[in-house]
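*Asks:* Here it is, the structure in full.
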Amino acid sequence: MKVLDLQCPHGHRFEGWFASAEDFESQLSRKLVECPICGATEVSRMPSAPRLNLSGASAVQPAADAGELQARAMRALRELLEKTENVGERFAEEARRIHYNEAPARSIRGVTTPEDAKALVEEGIDVMPLPVPTALKESLQ
């Protein structure tokens, strides 16, 4: 099993596990390798060094690297998705109903146009764009 360090054009770094370097190249050419953060299939292999287990190494913990920060962001996003109701295309309508006390107060998420989002803000309704990575749009096994 080969563990490769990969990166998408947006700078998201992640690991990929493949049977061989040829297997990676084959999957890459068929657009099967995808960034778990943004879903981009334009992925490049990054230089990597073997991890060494040095006895007597310092016990000082290194600062979190980009991969750890991305993992934290994914965990936070996953938790947010679990704690909000997906109202889909009805987002603007449902946000207004909640704001004007016509529906129970709750945290919602969904899809709306930039124009509708701007109108909601102008009405005093707080909204925030939240791009959801492809990896979180479907249930994980």
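Values quoted throughout were computed directly from the atomic coordinates according to the rules given, and no laboratory measurement underlies them. It should be emphasised that the depicted structure is a prediction, and the values quoted were computed from it without experimental measurement. Counting neighbours? That spans all protein chains shown, and the Cβs are built from the backbone with ideal geometry, glycine included.
*Asks:* Quick check: pseudo-label points 7 Å beyond the Cα along Cα→Cβ at residue 118 and residue 17, how many nm apart are they?
*Replies:* Calculated label separation equals 4.7 nm.
*Asks:* Could you list which residues have their amide H under 5 Å from that of residue 42, counting only those 5 or more apart in sequence or on another chain, with H placed in the peptide plane?
*Replies:* Correct list: empty.
*Asks:* When the Karplus curve 6.51 cos²θ - 1.76 cosθ + 1.60 is applied with θ = phi - 60°, which whole-Hz ³J(HN,Hα) does each residue of region 111-118 get, with x for Gly and Pro?
*Replies:* Couplings: 10, 8, 7, x, 5, 5, 4, 5 Hz.
*Asks:* Label residue 93 and residue 79 with points 7 Å out from Cα along Cα→Cβ: what is the distance between them in nm?
*Replies:* So the label points at residue 93 and residue 79 sit 3.3 nm apart.
*Asks:* In whole Hz, with x marking every Gly and Pro, tabulate ³J(HN,Hα) for region 86-102 from phi via Karplus 6.51 cos²θ - 1.76 cosθ + 1.60, θ = phi - 60°.
*Replies:* Per-residue couplings from phi come out as 7, 9, x, 5, 8, 4, 4, 4, 5, 4, 5, 4, 5, 4, 8, 6, 9 Hz.
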